[in-house]
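Remarks on the structure that follows.
The values are calculated or read from the model by the stated rules, or taken from the named source; none is laboratory data. Because the structure is predicted, anything quoted here is derived from the model rather than measured. Note that each Cβ is placed from the backbone with ideal geometry, even for glycine, and that neighbours are counted across all protein chains shown.
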Amino acid sequence: MPEITSPAIRWNGETLSLLDQRLLPGQTHWLTLHDAASVADAIRDMVVRGAPAIGIAAAYGVVLAARRLGDGASAATLEDAFSVLAASRPTAVNLFWALNRMRQEAAALTGGPLITALEHCACDIHTSDQAMNQRLADFGVPLLPDGGCIYTHCNTGALATGGHGTALGVIRSAWAAGRITGVYAGETRPWLQGSRLTSWELMQDRIPVTLVVDSAAGHLMQQGRVQAVIVGADRITANGDTANKIGTYSLAVLARHHGLPFIVAAPLSTIDPGLASGAAIDIEERPGDEVRGVHGHIIAPADVRVANPAFDVTPAALISAIVTERGVIHSPDADKMAAHLSDKAQA
Ligand code: MRU
């Protein structure tokens, strides 16, 4: 296989390298990983994050496990690797989608042919993600108000995906088409994906970005400085309910109050038709120290009780449109989601 690289993920045929997103934008440091357990640690510890990127990394984690097993690689001997990777983070369904695809590859083969098939599959998951995001962005651009300024949350860019990005991909394409005037990026406490990653990505592309604290969103909307909100997703259920970074739900409520479009951009791999509604989504609870401190600097009493849900669920009723690489679902509900996922829609 040729080397496969994207802004945060590199596969060279033997090892997986991940850009350590915990250190951005201050340091650009790549970690090289050799086994599935280290990939699972990297996902859990936020070296790599963002739903599609987690799925890509996990797929390569399975390849690393298979390479270690060599002639002994089989669906049965890979089971430990699948389990350790699946236990890394619970909310983003792309992780489980990617592992399921890899599991299907592993079903009928063993040894060398299995390793080759798994590597092909992981590389395909990686490279096709960027192409899907480009298609998704083409569908998403017309949803943004012409001449508008757009609010986004967390990081949904090239760092969170195989390239271009989901919500940030729509923003990139909209800027290139001259459709939008600029972007507000919410800083996204506690991991600061908005300030550390989104503002960094947008500045590299020379897209005008203004960084704000998360609690500024309502004020900006009230003042007419935002014309639409666009975010990514970690899991979209059969009825269109959407889990995304904590704070997304509040933005959707605010957007509805101010009559602004609230758009979700995500690949089909983020849709989980197996869950009826957002109430069934497993919301990751992360360590309290992520809230008590910032980069090792203590900002709260050491023993204060903390709740740190990493995601929240936005009900479909608050979503103006979900955009995927297949098109747009306006005012999503269970019927429209099912129609979007059906074979007929694909044809
Ligand atoms: O905790 P993170 O940084 O993995 O959360 C990421 C998000 O919530 C993103 O908005 C989502 O994964 C979409 S990324 C294209």
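Report yes if Gly140 is in contact with an Asp or Glu (Cβ under 7 Å, 6 or more places away or on another chain) and either among the hydroxyl-bearing types (Ser, Thr, Tyr) or surrounded by 24 or more Cβ atoms within 10 Å (Cβ to Cβ) (or both), otherwise no.
Details: in contact with an Asp or Glu (Cβ under 7 Å, 6 or more places away or on another chain): no; either among the hydroxyl-bearing types (Ser, Thr, Tyr) or surrounded by 24 or more Cβ atoms within 10 Å (Cβ to Cβ) (or both): yes.
No, not satisfied.
Residues that are assigned to a loop (DSSP other than H, G, I, E, B), within 14 Å of the chain's Cα centre (by Cα) and farther than 20 Å from Arg10 by Cβ: does region 156-173 have at least one? Working first, answer last.
Of the residues in region 156-173, the ones assigned to a loop (DSSP other than H, G, I, E, B) are 156-157, 161-166.
Next, from what is left, pick out any that are within 14 Å of the chain's Cα centre (by Cα): 156-157, 161-166.
With farther than 20 Å from Arg10 by Cβ added as a condition, the list becomes 156, 166.
Scanning region 156-173, I find at least one residue that is assigned to a loop (DSSP other than H, G, I, E, B), within 14 Å of the chain's Cα centre (by Cα) and farther than 20 Å from Arg10 by Cβ, so the answer is yes.
If only one of Ala307, Ala238, Ala300 is away from the ligand (no atom under 11 Å from the Cβ), in contact with an Asp or Glu (Cβ under 8 Å, 6 or more places away or on another chain) and either among the β-branched types (Val, Ile, Thr) or within 24 Å of Pro190 (Cβ to Cβ) (or both), which one is it? Outline the logic, then answer.
Numbers: Ala238 fails: either among the β-branched types (Val, Ile, Thr) or within 24 Å of Pro190 (Cβ to Cβ) (or both); Ala300 fails: in contact with an Asp or Glu (Cβ under 8 Å, 6 or more places away or on another chain).
That would be Ala307, the only listed residue that is away from the ligand (no atom under 11 Å from the Cβ), in contact with an Asp or Glu (Cβ under 8 Å, 6 or more places away or on another chain) and either among the β-branched types (Val, Ile, Thr) or within 24 Å of Pro190 (Cβ to Cβ) (or both).
Quick check: anything in region 325-334 among the aliphatic types (A, V, I, L, M), in the same structural domain as Leu143 (by TED's automatic domain parsing) and under 18 Å from Met132 (Cβ atoms)? Don't jump to the end; show me each part of the working.
From region 325-334, those among the aliphatic types (A, V, I, L, M) are 328-329, 334; that's our starting set.
Next, only the ones that are in the same structural domain as Leu143 (by TED's automatic domain parsing) stay: 328-329, 334.
Next cut, under 18 Å from Met132 (Cβ atoms) only: 328-329.
The answer is yes, given that some residue of region 325-334 is among the aliphatic types (A, V, I, L, M), in the same structural domain as Leu143 (by TED's automatic domain parsing) and under 18 Å from Met132 (Cβ atoms).
Mind checking whether some residue in region 192-208 is assigned to a strand (DSSP E or B), outside the structural domain of Asp45 (by TED's automatic domain parsing) and more than 17 Å from Ala310 (Cα to Cα)?
Initially, region 192-208 is screened for residues assigned to a strand (DSSP E or B), giving none.
No, region 192-208 has no match at all.
Filtered by the rule that a residue be assigned to a helix (DSSP H, G or I) and away from the ligand (no atom under 12 Å from the Cβ), region 261-295 gives Leu268, Gly278, Ala279, Ala280, Asp289, Val291, Arg292. Among the residues of region 16-38, is there at least one that is crowded, with 18+ Cβ neighbours inside 10 Å, under 15 Å from the mean Cα position of the chain (by Cα) and over 25 Å from Leu275 (Cα atoms)? Looking through region 16-38, at least one residue is crowded, with 18+ Cβ neighbours inside 10 Å, under 15 Å from the mean Cα position of the chain (by Cα) and over 25 Å from Leu275 (Cα atoms). When the criteria are applied in full, Ala73 fails the requirement of being under 24 Å from Arg44 (Cβ atoms) and either touching a residue at least 24 places away in the same chain (Cβ under 8 Å) or surrounded by fewer than 19 Cβ atoms within 10 Å (Cβ to Cβ) (or both).
What about Gly55, is it closer than 18 Å to Gly163 by Cα and either at pLDDT 95 or above or within 16 Å of the ligand (Cβ to nearest atom) (or both)?
On the way: closer than 18 Å to Gly163 by Cα: yes; either at pLDDT 95 or above or within 16 Å of the ligand (Cβ to nearest atom) (or both): yes.
The answer is yes for Gly55.
I'd like to know if region 62-70 contains one or more residues that are free of Cβ contacts under 8 Å to residues at least 60 places away in the same chain, in contact with a Ser or Thr (Cβ under 7 Å, 6 or more places away or on another chain) and surrounded by 15 or more Cβ atoms within 10 Å (Cβ to Cβ). Looking through region 62-70, at least one residue is free of Cβ contacts under 8 Å to residues at least 60 places away in the same chain, in contact with a Ser or Thr (Cβ under 7 Å, 6 or more places away or on another chain) and surrounded by 15 or more Cβ atoms within 10 Å (Cβ to Cβ).
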